[in-house]
Amino acid sequence: MSAADADGRSDKPFKLSSEYKPTGDQPQAIDMIARSVQAGNRYQTLLGVTGSGKTFTMANIIERLQRPTLIISHNKTLAAQLYSEFKHFFPDNAVEYFISYYDYYQPEAYVPATDTYIEKDSAVNDDLERLRIAAASALLSRRDVIVIASVSCIYGSSSPDDFNEMMIPLHVGMKTRRDELLEKFVRSLYRRNDAEFSRGTFRVRGDTIDVFPADRETAIRISLFGDEIESLRRLDPVTGRAGTRLERFDLYPSNQYVTPQDRIDAAIVKIRAELEAQVAKFEREGKLLEAQRIRMRTENDIEMLRETGFCFGIENYSMHLSGRTPEQRPWCLIDFFPKDFIVFIDESHVTLPQICGMSHGDRSRKERLVEFGFRLPSAVENRPLRPDEFHALVRQTVFVSATPAAFELENSAVVAEQIIRPTGLLDPVMEVRPIKGQIEDVIHEATLAAERGERALVTTLTKRMSEDICEFMRERGLRAEYLHSDIDAIERVEILRRLRRGDFDVLIGVNLLREGLDIPEAALVAILDADKEGFLRSETSIIQTAGRAARHENGRVILYADVMTQSLSRAIAISRLRRERQSAYNAEHGITPRGVRRAVQESLLPPPDEDGAGTLLMAAENASDEDVAAVLAELEEEMLAAADRLEFEKAALLRDQISLLKKGGKGGGNARKSREGNAEKPAAARRFRRRGNA
């Protein structure tokens, strides 16, 4: 019996729970893609316009195919949104969440120009680690599993065989000595802690052992009678109250990188052999400092591995610990899926290039560590999958995007178009106007939109231009704000919230007005210098940017251009064809387009104090859990990106913001205490003030 059975959950068919039924193009898209997958085709594409219900279509395909599913998103915020939606769609099935579990991550690095070694520093989020382990254990114990993941799913992990081998099956009547059972817990990386009972720990009181599984929110109490398990019961880790009796329970390891002891012993032999070879190489080259450095560091790691089965930076020895050769790829989450699983790549035009580019940046940093004696050459094999390895591992894929790239379109057996929106909304009207006088014209159009109670979005090519236009609009009496990458995540969320609420009417930005910006009140999108062919004015960018006006019944797009580039021509032609199809469908079915209506989220920023400072903690008490989670995910992405660029002061500042926001979450008295403690830190408070855009 599996862990799922122990929970009273057996494998179930995927059952979609929704009050809505597929409409418009959705039934056709569901049928086309499901048939293509069932026919054994490797690639298929769902081309769905903004607001057409692509997530609902994906859910219907999963219900029809009845296969374990991996859904990959290109950032944590969108992954969290998908996780929430699929939990709602499939309440009776296992919907799991797998993203990077770091709140803060500073990678190990060496900067030769300044002779600066940067030690790895990280802060693991306990809840995210639990969710990752829960995803792995669910995949090994049942089939009705949907995993929502970021691209972290292509990074190295333990093998499913090792993870399953280290699982400890427990059942009533099982013959085992107490000390033998405790040794198994330690080998599975559970820590004994009789004072502080938390995930990944166990405590012992005579013949009673309490263990807190790393993938659960409740603990297990094991009662022994002699050398036999007399009973298993659930345990509330807070109150200590014993609950439901269990006949059996499968306890999975507390860490994804767990390795059996015999594998560790074999790895130590290989690590030492590689060490001696590398030391000899450095000595031949006259690099005595590097030779001494690599010997001292590696010998210390070997000793830790021998004594505890773990060491700081153990991932750098993953090739030896997993028994791989340099030609073999690392294990990852995808290996935990059965052979007939299916993959959805959401926003594939962004996610797929991200997946394919991960291995290059990772390798360059590690090669420098190897060159200067901080790591053995095998450390470069602790890496994400290369593009060829990813495509070889994933057997059947559905690409999902409003603007699929050439790879998706050229390789897909079918391209299912989902053009009709359930709301009946049409693609926004696109109009081309000359560049000369574009600023005056856009101010005039934005003023008219504001008088109608609508919002306007304006895209520029540079940050400086967005700021200058914003200032010019304010001088002309328009309520305007700018938005670009120099503005912190919390401030960005607040600016968007204020735009939706109507505190101002025009938002000017650069590249942040594309995927993921959902403002139903936006009726006008203006694209300045639209004929400057390039990344920001490509066909994909124009279509995605124009889609920001697709949730309003009066949505329209003004493109300022003197030259009709190929990207402009194709984007306008695609929009025109879509409008024709959407209009014909509405006329045939008597549908009147209606705009999207959605409540404005609560503020994540507090009202200013008397001194104008305010604190983030006050805002967190009034925000929903979803709002806080979304901002946390965005802050974490910024922090990791800053660390990758070696901007560690910025990364540390973002880490502090994350910590403050977490303390200010749904914590009641604790949040108040944190706020009182922070009252004496005006510098910290000032970090969360807006930058004077009001």
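The values are calculated or read from the model by the stated rules, or taken from the named source; none is laboratory data. Please read these numbers as outputs of a predicted model, since none were measured by experiment. Cβ: placed from backbone, ideal geometry, glycine included. Neighbour counts: every protein chain shown. Please note that ligands, DNA and RNA were not included when accessible areas were found on the heavy atoms of the full protein model with its side chains. Shrake-Rupley method; radii C 1.70, N 1.55, O 1.52, S 1.80 Å.
For this structure, a couple of remarks:
- The calculated P(r) of region 366-514, using every Cα pair and 5 Å bins from 0, goes 1, 7, 11, 12, 11, 10, 11, 11, 9, 7, 5, 3, 1, 0 in percent.
- Looking at the chain, the accessible area is 43 square angstrom per residue; that uses a 1.4 Å probe and ignores ligands, DNA and RNA.
- Protein accessible area in region 385-525, 1.4 Å probe - carbon and sulfur %: 51
- The translational diffusion coefficient of region 326-418, from Stokes-Einstein at 37 °C and 0.692 mPa s with a Kirkwood hydrodynamic radius over alpha carbon pairs, comes to 215 µm²/s.
- Close amide H pairs (under 5 Å, H built 1.01 Å from N) link ASP144 with LYS12, residues at least 5 positions away or on another chain.
- Compared with the direct C-alpha span, the chain from GLU327 to LYS175 gains 50.4 nm at full extension, assuming 0.36 nm per residue.
- Solvent-accessible surface (1.4 angstrom probe) belonging to SER583, in square angstrom, nearest 10: 50
- Rounded, prolate or oblate (a/c below 1.5 giving rounded, otherwise prolate when a/b exceeds b/c) for region 245-382 by Cα gyration tensor: oblate
- Since only SER378, VAL400, THR460 are under comparison, the one whose Cα sits farthest along the positive direction of the charge dipole of region 374-466, derived from C-beta charges on Lys, Arg, Asp and Glu, is SER378.
- Among the GluC sites (Glu not before Pro) in region 300-398, those located in a DSSP loop and surrounded by at most 11 other Cβ atoms within 10 Å of their own Cβ are GLU327.
- A Förster radius of 60 Å, combined with the Cβ-Cβ distance separating GLU315 from ASP31, puts the computed FRET efficiency at roughly 0.85.
- Taking packing as the residue-averaged number of other Cβ atoms within 10 angstrom, the listed peptides 499-507, 141-149 run from highest to lowest as 141-149, 499-507.
- Links that overshoot a 31 Å alpha carbon limit, given the list LYS270/LYS650; LYS120/LYS662; LYS366/LYS463; LYS184/LYS270; LYS76/LYS650; LYS175/LYS339: LYS270/LYS650; LYS366/LYS463; LYS175/LYS339
- If the chain linking PHE535 and LYS21 were pulled fully straight, counting 0.36 nm for each residue of separation and taking away their Cα-Cα distance, it would gain 181.3 nm.
- Mean projected area (nm²) of the alpha-carbon convex hull when the chain is viewed from all directions: 34.1
- Length gained on full extension, ASP656 to GLN354: 106.0 nm, using 0.36 nm per residue less the C-alpha separation.
- Overall, the accessible surface of region 24-173 at a probe of 1.4 angstrom is composed of carbon and sulfur to the extent of 46 percent.
- Here the relative contact order of region 311-470, from alpha carbon pairs under 8 Å that lie six or more residues apart, stands at 26 percent.
- Annotation: lysines with alpha-carbon distance below 17 angstrom to LYS436 (same-chain offsets under eight excluded): LYS532.
- Projected-area mean, region 70-110, by convex hull of Cα positions, square nanometres: 4.0
- The GluC sites (Glu not before Pro) found in region 192-237 that occupy coil by DSSP, while having at most 11 further C-beta atoms within 10 Å, are GLU196.
- Accessible surface of region 261-357, 1.4 Å probe, proportion on carbon and sulfur as whole %: 57
- Computed from the Cβ-Cβ distance with R0 of 35 Å, the FRET efficiency linking ARG191 to ALA641 stands at 0.60.
- Positive dipole terminus of region 1-158, leading residue within ASN41, ILE154, ILE99 (C-beta point charges): ASN41
- Net charge contributed by nearby residues that have their C-beta within less than 12 Å of GLY373 (K/R +1, D/E -1): +3
- Karplus-based coupling profile of region 564-576, in residue order and whole Hz: 7, 6, 4, 4, 4, 4, 5, 4, 5, 5, 4, 4, 5, with θ = phi - 60° in 6.51 cos²θ - 1.76 cosθ + 1.60 and x standing for Gly or Pro.
- Here is the list for region 235-288: trypsin sites (Lys or Arg not before Pro) lying in DSSP coil, each with at most 14 other C-beta atoms within 10 angstrom of its C-beta, are ARG241.
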